[in-house]
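Working notes, structure below.
The values are calculated or read from the model by the stated rules, or taken from the named source; none is laboratory data. All values derive from a computational prediction rather than experimental measurement. Backbone-built Cβ (ideal geometry, glycine too); neighbour counts: all protein chains shown. SASA here: full protein model, heavy atoms, side chains in, ligands and nucleic acids out. Shrake-Rupley method; radii C 1.70, N 1.55, O 1.52, S 1.80 Å.
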Amino acid sequence: LAAYQRRDLDRASSPQNEAIEAHARSPEYFAARGLVHFDEAEFELAEADYRQALALNRAELLANYGLGLLHLRRRELDAAKVHLTAAYYVDRERPETLFALGVLAHAQGDLVMSANWMGLAHAIFEKRGDKRRSETNRWLRELSRHVSRPVPETAPLPLPPGEDAR
């Protein structure tokens, strides 16, 4: 994981493969390797590792998060929601998951919910001094332009026909 955090993906893979060989029943190793595959755009391999991790532990946070991102990337929004929500319930303070849920809500057309998720992610990034807060801030500025617009007035719906309508 240290090599992954340095973005040295070649060096990250070898120790993960060794860890999986030594601990084939540990879902976190499959999930971590899936993350490296995801970043290398090896999406089929990433999905296989995430699914293996979830077969071992369906509450594995990183596997649910990664699979949620894969589904979101493919615009499979219902499946993305299942996995990102599972990741959220494992750790409600993980800003990356909150951010992804904000992107998902935006893709579903729910701008208010998108802004709510982004606001939660932004607060945690801000508290931690994480540079990714600038990305959530950008999302929040853009969302506020749309969410604050007045709703256009529409004509009232006609009453359904009934006995009094004669």
task = Name the one entry in E60, E42, E135 that is modelled with pLDDT under 95 and either open to solvent by less than 30 Å² (accessible area, probe 1.4 Å) or of a type outside the set (S, T, Y) (or both).
result = E42
note = Exception for E96 within (1) acidic (D, E); (2) farther than 24 Å from V147 by Cβ; (3) surrounded by fewer than 20 Cβ atoms within 10 Å (Cβ to Cβ) falls at (2)
